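> Here it is, the structure, as structure tokens.
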Amino acid sequence: MTKSLIRALAILGCLVFAAPSARAQNENASKGARKSYSKALEAYRFLSFNLAIEHLDKAISKSPNYADAWFLKAQIYQETEHPDLEEVLKHALLLDSTRFPHGWVELAKVMWELGKYEAGLKTLERLDELGLGPMTEENEAKKAWVQAGLQFSVDAIAKEGEANRAQPVQGGLNTSEHEYYGALDLTGTRLVLTRSAVSGTLGLSTPGVVGGEDFFQSVQSEDGTWSAPAPLPGINTPMNEGAPSLSGDGKIMVFTACETPRDGYGPRRGKGSCDLFESEWDDQLKSWGIGKNLGAPNSNGWESQPALSADGNTLVFAKSPKGHLHPSDLVVCHRLEDGGWSSPRKLPGAVNTEFTEESPFLHPDGKTLYFSSDGHPGFGRLDVFMSRLQKDGSWGIPVNLGQGVNSSGKDNSLMVMPRGGKALFATTRESGNLDFWEFDLPEEAKPIEVAMLKGVVKDFNSGTALIADVSLIDMETGQVISKTKSNGEEGFVIPLPERGTYSFEASAEGHLFGMSVYHQLGGDDLNGSPFVEIGLEAIEAGQTFTLDAIQFESGLAALSSDYQAGCERLAQWMLDNPGVNIRVEGHTDNVGSVPFNMALSEDRATSVLNFLIERGVVPSRISVEGKGPLEPLADNETEEGRAKNRRVQVVILE
């Protein structure tokens, strides 16, 4: 909650009056009004807000223009988020317009959060007209922040007009309780969400909730409606757990659990006020594990609202070293080879501000981030923004998603469907409870469309399912889009982006690697859930395979500057299999003289050798040979045949 100058002055009991009129108003307060005010101030010191309001109302009834009483009432209304704060604070400022300049900024902020944007700007104009002199640096910064938000809102409404694209999701998902902080798997039809035990003023009453916050699940039917929330098995405890995030296959969940003064973390072990935990789905027990602490990402501060990448290897979350009552930033960490996590670092780029950034959602495309913030200009308390990953690894300037999702209230918990067209978010609009709404994303805010690719990696000869590493790499940038494990017969699930050229790679211990390059289209050509079976051959001396996805400068021996997927994959495979030696053979078509092609083929094989050495492969493990046009695979009479003959082959020596 905002700590304002009113509270500081009130608690110290040393209110300073700058205007004679205000001094007169307080000096003219009756003895009974002053006595009631003193009682209210004492109750306020002990956080007995209801009792304090009773005494203040008595003081005001006896002396209606008693400015101190009105200001203290406004302060209490601010701290309790009372709906009448605007009216009370405005009245207090009109009684004493000069003693508390920061109060005008607070009033403009309240109007901003109520969607009264024009009125908020006029309030700040009134402050300027009063000429009260400079405020503290902190309050001047707050004034600039509020003014930027109000002006943005006025301009956006004038530009967009009235927008009402968002609608409550259909079905039984929303109830009279709070539903918020959700997570989707790659199917886009399974939603894990958070529900609070607190139902209005009734206390712990939400059906199925065993703790302060628990996890529930809802499933979307073919008609687009969502089922009523059902508690998740295994993971819920009498403690607080919330803000889930799922891997693409829906089998790993990273979530938040918080401590209580009496029971701490209960059955879990934590470091700070709220920590991040990881749980795995047990298919045999049909239950989630209770979860283990992530370790390095957590601190003695506050970590919450995780966003797990579809492949389960990148984690973005909100972090506040001083606790959840202070502004939070978005940070990122990565999964290590041993399964643990790296220490977090601030998300690079333009996302974070000195105010609050929270509720991140990392789309399965790996390049589009959605989050909530009150630091960037917006329509009110929290707005949802979109940022795109830049080529240098930073995140670009956030874009406000507009009135289709954002309002003057708290808008967060945004989730975007894998196919990218529709989004879900939690909002307090209309009902006052947090409910899930949906809307169609504007074109400028859509991510790359993503489908779900399922598959399994098997031994080519025996058909036995293997434990294998599976990667999807952007051929243009060399960026790893997704990396996951194929777990035997369970196989793997990986996001399949649209539009682009990708290298799909698989490797398993004791086997040759498998790799294919494909050009992915979008829209109707993007299969919703393709299935692939990848066969890997066991490593044996004498085996020969063609090195795909290798690109040379036209007519030359030098590798092109493009991403060399084949060479990268070969280098990593040799590093993973240090006992294997190879011979790299260059082959050409029959265009040109034989001596020229013999030299060209050997030079190209040598270029591959040099690439492998640069990646750390010991030179003695590699030999090269130029075969020229002597061993064609196809007829050189056609361009298609000549293209097959221009190749680099790898021979396993031992």
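No lab work stands behind these numbers, since they all come straight from the coordinates. These numbers come from a predicted model, not from an experiment. No Cβ is skipped: glycine too gets one built from the backbone with ideal geometry, and neighbour counts run over all protein chains shown.
> Using amide H atoms built 1.01 Å from N in the peptide plane, name the residues 5+ places from L453, or on other chains, whose amide H lies under 5 Å from its own.
Under 5 Å from the amide H of L453 lie the amide H atoms of I494, L496, each far enough along the sequence or on another chain.
> Can you tell me the Rg and Dmax of the stretch 540-654, counting just the alpha carbons, in angstroms?
Over the stretch 540-654's Cα set, Rg and Dmax evaluate to 13.7, 41 Å.
> Report the rotationally averaged projected area of the stretch 276-357 based on its alpha-carbon convex hull, in square nanometres. Present the calculation step by step, with values, prior to reporting the outcome.
On the way: hull surface 25.6 nm².
That works out to 6.4 nm², a quarter of the Cα hull's surface.
> Between T136 and D282, what is the label-point separation in nm under the 7 Å Cα-to-beta-carbon projection?
Once both label points are built, they end up 5.3 nm from each other.
> For the chain, calculate the relative contact order in percent as a whole number, restricting contacts to Cα pairs under 8 Å that are 6 or more residues apart. Walk me through the numbers on the way to the answer.
Details: 1492 pairs, mean separation 49.4, N = 654.
Computed over the chain, the figure is 8 percent.
> Please give, to one decimal in nm, the separation of the simple spin-label points placed at R345 and D84, each 7 Å out from Cα toward the Cβ.
So the label points at R345 and D84 sit 5.3 nm apart.
> Across the stretch 55-72, in residue order, what do the Karplus-derived ³J(HN,Hα) couplings come to in whole Hz, using 6.51 cos²θ - 1.76 cosθ + 1.60 with θ = phi - 60° and x for Gly and Pro?
With coefficients 6.51, -1.76 and 1.60, one gets 5, 5, 5, 5, 4, 5, 5, 7, 9, x, 9, 6, 4, 4, 5, 5, 5, 5 Hz.
> Something else: Hey, what D do you get for the stretch 23-103 in µm²/s if you plug the Kirkwood alpha-carbon radius into Stokes-Einstein at 4 °C and 1.567 mPa s? List each step's numbers first, then the result.
Values: Rh = 12.4 Å.
In µm²/s, the coefficient is 104.
> Skipping prolines and chain starts, which residues have an amide H placed within reach, meaning under 5 Å, of the one on L232, given they are 5 or more residues away or on another chain?
F215, F216, Q217
> Pull up the DSSP beta bridges for the stretch 540-654 and report the antiparallel fraction as a percent, rounded to 5.
Working: 10 of 16 bridges.
Here the antiparallel bridges make up roughly 60 percent for the stretch 540-654.
> Next question. Below 25 Å, Cα to Cα, which lysines can K116 reach? Residues fewer than 8 away in the same chain don't count.
Reachable lysines: K3, K73, K90, K142, K143, K159, K410.
> HN-Hα J couplings of the stretch 609-624 from phi, Karplus 6.51/-1.76/1.60, θ = phi - 60°, integer Hz, Gly and Pro as x?
After applying 6.51 cos²θ - 1.76 cosθ + 1.60, I find 4, 5, 4, 5, 5, 4, 8, x, 7, 5, x, 5, 8, 10, 10, 10 Hz.
> Restricting to DSSP H runs of at least four residues, report the calculated mean residue ellipticity at 222 nm for the chain, -39500 (n - 2.57) per run over all residues, nearest 500 deg cm²/dmol.
Computed mean residue ellipticity for the chain: -7500 deg cm²/dmol.
> May I ask which residue of M598, V532, L512 lies farthest towards the positive end of the charge dipole of the stretch 506-628, with charges of +1 (Lys, Arg) and -1 (Asp, Glu) on Cβ and the Cα centre as origin?
The residue sitting farthest along the positive end of the dipole is M598.
> What lysines does K286 reach when the alpha-carbon gap must be under 23 Å and sequence neighbours fewer than 8 apart in one chain are set aside?
Correct list for K286: K251, K454, K485.
> Moving on. Under 17 Å from the 7 Å Cα→Cβ point of V591, by amide nitrogen: which residues of the stretch 625-654?
628-630, 632-648
> Oh, and also: Going by the alpha-carbon gyration tensor, a ≥ b ≥ c the square roots of its eigenvalues, is the stretch 167-445 rounded (a/c under 1.5) or, if a/c is not under 1.5, prolate (a/b greater than b/c) versus oblate? Intermediate values should be presented prior to the final figure.
Details: a/c = 1.27, a/b = 1.05, b/c = 1.20.
Judged from the Cα gyration tensor, the stretch 167-445 comes out rounded (a/c under 1.5).
> Then there is this: Within a Cβ distance under 14 Å of G393, other residues only, what is the Lys/Arg minus Asp/Glu net charge?
Values: positive: R345, K346, K367, R388, K391; negative: D392, D474.
Summing Lys/Arg as +1 and Asp/Glu as -1 gives +3.
> Continuing with this model, one more query. Return the FRET efficiency for the residue pair H326, L653: r is the Cβ-Cβ distance, R0 is 51 Å, and the value is rounded to the nearest 0.05.
On the way: r = 62 Å, r/R0 = 1.21.
In this case the efficiency is close to 0.25.
> While we're looking at this one, here's another question. With both bridge residues required to lie in the chain, what share of the DSSP beta bridges run antiparallel, to the nearest 5%? If you can, show how the numbers build up before the last one.
Numbers: 109 of 125 bridges.
In the chain, approximately 85 percent of DSSP beta bridges are antiparallel ones.
> Taking the Cβ of Q572 as the center, what net charge do the other residues with Cβ under 10 Å away carry, scoring Lys and Arg +1 and Asp and Glu -1? Before the final figure, lay out each step's value.
Values: positive: R569, R615; negative: D469, E505, E568, D576.
Charge balance near Q572 sits at -2.
> Further question on the same structure: Sort the stretch 449-538 into rounded, prolate or oblate with this rule: let a ≥ b ≥ c be the square roots of the eigenvalues of the Cα gyration tensor; rounded if a/c is under 1.5, and if a/c is not under 1.5, prolate when a/b is larger than b/c, oblate otherwise. Before the final figure, lay out the partial values.
Working: a/c = 2.23, a/b = 1.65, b/c = 1.35.
Here the stretch 449-538 falls in the prolate category.
> How much net charge surrounds Q167 when only other residues with a Cβ under 12 Å from its Cβ are counted (Lys, Arg +1; Asp, Glu -1)? Numbers along the way, then the final one.
On the way: positive: R165, K422, R429; negative: E430, D435, E438, D440.
Taking every Cβ under 12 Å from that of Q167, the sum is -1.
> Then there is this: What FRET efficiency do you get for T501 and T260 if R0 is 35 Å and r is their Cβ-Cβ distance, rounded to the nearest 0.05? Provide the component values of the computation, followed by the final result.
Values: r = 52 Å, r/R0 = 1.48.
Given R0 = 35 Å and the Cβ-Cβ separation, E is 0.10.
> Further question: Just how many % of Cα pairs in the stretch 55-150 lie over 20 Å apart, if you round to the nearest whole percent?
Numbers: 1644 of 4560 pairs.
Tail of P(r) above 20 Å: 36 percent of Cα pairs.
> Ok, one more. Please list, in order along the stretch 247-254, the HN-Hα scalar couplings obtained from phi with the Karplus expression 6.51 cos²θ - 1.76 cosθ + 1.60 (θ = phi - 60°), rounded to whole Hz, x for Gly and Pro.
Those phi angles translate into 6, x, 7, x, 9, 10, 10, 9 Hz.
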